[in-house]
Amino acid sequence: MGKRISGMVLIFLVLFCFCGPTKGGQSDEYVIPVYDSIKETEPYLPVKNHIQFTQSTGIMVGKASWYGPGFHGKTTANGETFNENALTAAHKELSFGTKVLITNLNNGKSTIVTINDRGPYIEGRDIDISRAAARQVGMIDAGVVDVKMEIIAHK
């Protein structure tokens with residue numbers, strides 16, 4: 001009986017390690033590199049799961065995920081109460097209060113979010129948007145999509 005339980009635990013751990021979450025979720029393993037030397041005339045394409053950022057235009061292309069249910073009502077990094085029904089987002093570096101136009105590159109749908117939290121902390125993801133924002137850009141089912149992020153106002 002003990003061997004059977006040990007075997008089940010081992011299988012669970014292996015599955016958990018190799019089949020991590022596809023939506024939301026946080027970990028502190030990833031730091032986003034910033035590429036501010038890219039020229040304004042260069043195309044905005046993903047670079048090996050990292051964002052490409054131009055200081056002069058404020059445009060980034062990368063991966064967006066969404067979060068909500070497990071964080072609703074909890075305190076965000078800037079001290080606000082997280083509301084999954086508000087148009088907010090988490091980013092590792094952008095200043096709190098920054099307004100970002102998020103465009104889903106798969107369907108062209110857009111929304112404007114306000115940065116009020118830090119994250120995402122999963123490798124290959126560049127911004128975590130609220131459930132409401134994910135609904136507006138049509139990515140609830142996909143969980144993670146390619147997006148264009150345009151800074152439209154700094155705080």
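Values quoted throughout were computed directly from the atomic coordinates according to the rules given, and no laboratory measurement underlies them. Bear in mind the structure is a predicted one, so any value in this text is a computation, not a measurement. As a convention, Cβ positions derive from the backbone with ideal geometry for all residues, glycine included, and neighbour counts pool all protein chains shown.
When the residues of the range 120-139 are filtered to those that are within 16 Å of N83 (Cα to Cα) and either in contact with a Ser or Thr (Cβ under 7 Å, 6 or more places away or on another chain) or touching a residue at least 24 places away in the same chain (Cβ under 8 Å) (or both), the one that is surrounded by the fewest Cβ atoms within 10 Å (Cβ to Cβ) is A132. Annotation: of all residues in the range 100-119 being small (G, A, S) and surrounded by fewer than 21 Cβ atoms within 10 Å (Cβ to Cβ), the one that is farthest from F82 (Cα to Cα) is G108.
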